[in-house]
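Note sheet for the following structure.
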Amino acid sequence: MSPNLDSTWVAALAPEIGLTILLVLVLAYDRFLKPEDRRRVGMMTAWGAFITLLVVLGLWLFFDMPNSQWTLNESQMWGGMIRFDMVSLVFTVIFLSALGLTSLLAMDVPYLQRSEFYALLIAAAIGFCLMGASADLIMVYVALELASVSSYVLAGFAMQKKLSSEAGMKYFIYGAFATGVMLYGLSMIFGVTGETNIYVIGTLTKGNLPAGVNAVILLAAALALVGFGFKISAVPYHFWTPDVYQGAPTPFTGYVSTASKAAGFAVLLRVFTSGAFGDVSNFSPTNAPGWWAMIVSICIITMTLGNLVAIFQTNIKRLLAYSSIAQAGYILIGFVTLSQDGTGASMFYLLMYLFTNIAAFGVIILVSNITGSDEISDLDGLNRRAPGLALIMLFAVLSLGGIPPTAGFFGKFFIFRSAVDSGLWWLALIGILNAFVALYYYLSIIKHMYLYRSDDEEIAIPVSRAAQIGLVISIFFVLYLGIFANSAYTWTLEAAASFFPGIG
């Protein structure tokens, strides 16, 4: 079915339009609130995010927009700057869900009860949504900068804490450098092709090119990967991750570990599967672009280093930071297959990881509000102090470890199966071995909650209604995607067809 471009141009930007309206309303609403009522801004942000999400899903369910049958040209909107397809839909669901859940959990943190915090969250979400839909190098850069600048400020938002200011500065310095290197790589591609649309570039880089041009394209891919690798916390661009995760406000840590990582993967998948850095239409391990071996190496090192270093962490946020690095390695396994199954599995993994990590950080927020720190030992005896929170953390940790009946089991299963089906059984084996290593430190968290005792077991941990809603939603989907994974995986698999221009 051919889309009606007169109506779809609005639908293509529905998330961004909805979030922009929400941004204005949040700032205006705060002007009429008394200081003691400012936590309501968080509830308004959450409602706005979920309403926008319902609108986006309604366009898909009732109006068939975006339509999986649209051709590549039909799905490109606004002069080819964005692509309105199933991929943008899946990632928009991830970003809006992350915004809504983060807003609910942030309401319990006193120093975050300010409209500026939520306005920056919304601005970052707008950037993430544009990153997920980008079809042009200029849009990639503009969207990434919008998301990044907002994130730099959010990381240092807790100005009364030295670690937060340090986190914001480190995030800014590393991010600015990585973005500059990435922009130089993108400019080299423009210099070679004279085009900025990634799909037009993909058609120009097919076939037999002069050796000099191929060398420039390979160098451009390596430079662009610095920026993309920074966003997804891949080694060796991961240095910022543990310090920023530890120092940033915990709700934002959960947000950046899920939404920002998903946005980075969205752009990585968009650009590299478009053929902009080399033809991938007839990919096989023996017929791979020059950058493929580099990303496979990064994939292996990322999940291995993340898991090994996580074993020695005593701070729960730093432990989850290295866990996040390892998770990026698992997701890269799906990407390097350069297949519909692999990219579909990667998107499913990002979807389940969103709810898993938000649930884990939600529990950390509530515990740290009482203890004043983020040490793993703060979880000692949690099962006796707050059995509900301990149960939620248990399911979140099991999901991170890939244990059934949680979503993480099928996340890893789909990833590893796609690698085996693509002939990369050895890469799947390395991933499986890493998953077993990760169980050591994941199970240590459970040990602290259920086996260790604490002197503060009599001190109750209050859980607000907003936090209850956020945690229940998160853990519901962790279990739902672990029991009824096939429907969500079929959805992401259908979306994955759009990554390859010859199919989408």
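The values are calculated or read from the model by the stated rules, or taken from the named source; none is laboratory data. On a predicted model such as this, the values are computed, not experimentally measured, just so you know. Using ideal geometry, Cβ is built from the backbone for each residue, glycine included, and neighbour counts are taken over all protein chains shown.
Structure data summary
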quantity: Where Thr356 falls short, out of the listed (1) out of contact with any helix residue (DSSP H, G or I) (no Cβ under 9 Å at 6 or more places or on another chain); (2) closer than 18 Å to Leu443 by Cβ; calculated: (1)
quantity: Restricting region 285-325 to residues that are under 26 Å from Ala259 (Cβ atoms) and polar (S, T, N, Q), the residue that is surrounded by the most Cβ atoms within 10 Å (Cβ to Cβ); calculated: Thr302
quantity: Total residues in region 308-337, condition touching an Asp or Glu at 6+ places or on another chain (Cβ under 6 Å) and in a helix (DSSP H, G or I); calculated: 2
quantity: Considering residues of region 55-106 that are assigned to a loop (DSSP other than H, G, I, E, B), buried (at least 24 other Cβ atoms within 10 Å of the Cβ) and of a type outside the set (A, V, I, L, M, F, W, C) only, the residue modelled with the lowest pLDDT; calculated: Pro66
quantity: Any chance Tyr440 is closer than 23 Å to Leu308 by Cα and either surrounded by 24 or more Cβ atoms within 10 Å (Cβ to Cβ) or modelled with pLDDT of 95 or more (or both); calculated: no
quantity: Glu36 vs. criteria of a type in the set (D, E, K, R) and at pLDDT 90 or above; calculated: no
quantity: Yes/no for Tyr171 being buried (at least 21 other Cβ atoms within 10 Å of the Cβ) and in contact (Cβ under 8 Å) with a residue 12 or more places away in the chain; calculated: yes
quantity: Residue match in region 284-307 (condition: in contact with a strand residue (DSSP E or B) (Cβ under 9 Å, 6 or more places away or on another chain) and either closer than 17 Å to Leu218 by Cα or not in a loop (DSSP other than H, G, I, E, B) (or both)); calculated: no
quantity: Residues that are part of a loop (DSSP other than H, G, I, E, B) and of a type in the set (Asp, Glu), drawn from region 107-117; calculated: Asp108
quantity: Enumeration of residues in region 118-175 that are among the charged types (D, E, K, R) and either farther than 24 Å from Asp108 by Cα or in a helix (DSSP H, G or I) (or both); calculated: Asp136, Glu145, Lys162, Glu166, Lys170
quantity: Enumeration of residues in region 412-433 that are crowded, with 22+ Cβ neighbours inside 10 Å, of a type outside the set (A, V, I, L, M, F, W, C) and out of contact with any Gly (no Cβ under 7 Å at 6 or more places or on another chain); calculated: Gly431
quantity: Test for Leu33: is it in a helix (DSSP H, G or I) and either more than 28 Å from Tyr199 (Cα to Cα) or of a type outside the set (S, T, N, Q) (or both); calculated: no
quantity: Lone qualifier among Thr8, Thr45, Thr20, Thr52 - being among the polar types (S, T, N, Q), over 21 Å from Ala133 (Cα atoms) and not in a loop (DSSP other than H, G, I, E, B); calculated: Thr45
quantity: Some residue of region 254-269 being outside any helix (DSSP H, G or I) and of a type in the set (A, V, I, L, M, F, W, C); calculated: no
quantity: Answer residue from region 192-219, given it is without any contact (Cβ under 8 Å) to a residue 24 or more places away in the chain and assigned to a helix (DSSP H, G or I) and is nearest to Ile295 (Cα to Cα) among those; calculated: Ala215
quantity: Of all residues in region 127-168 being surrounded by fewer than 24 Cβ atoms within 10 Å (Cβ to Cβ) and among the β-branched types (Val, Ile, Thr), the one that is farthest from Leu23 (Cα to Cα); calculated: Ile138
quantity: Helices (runs of 4 or more DSSP H) (entirely within region 347-439) containing at least 1 residues that are farther than 25 Å from Thr102 by Cα; calculated: 382-385, 407-421
quantity: So Leu379, is it under 30 Å from Asn287 (Cβ atoms) and of a type outside the set (Phe, Trp, Tyr); calculated: no
quantity: Residue list for region 204-247, restricted to those being farther than 18 Å from Met188 by Cβ and in contact with a Leu (Cβ under 6 Å, 6 or more places away or on another chain); calculated: Val235, Gly247
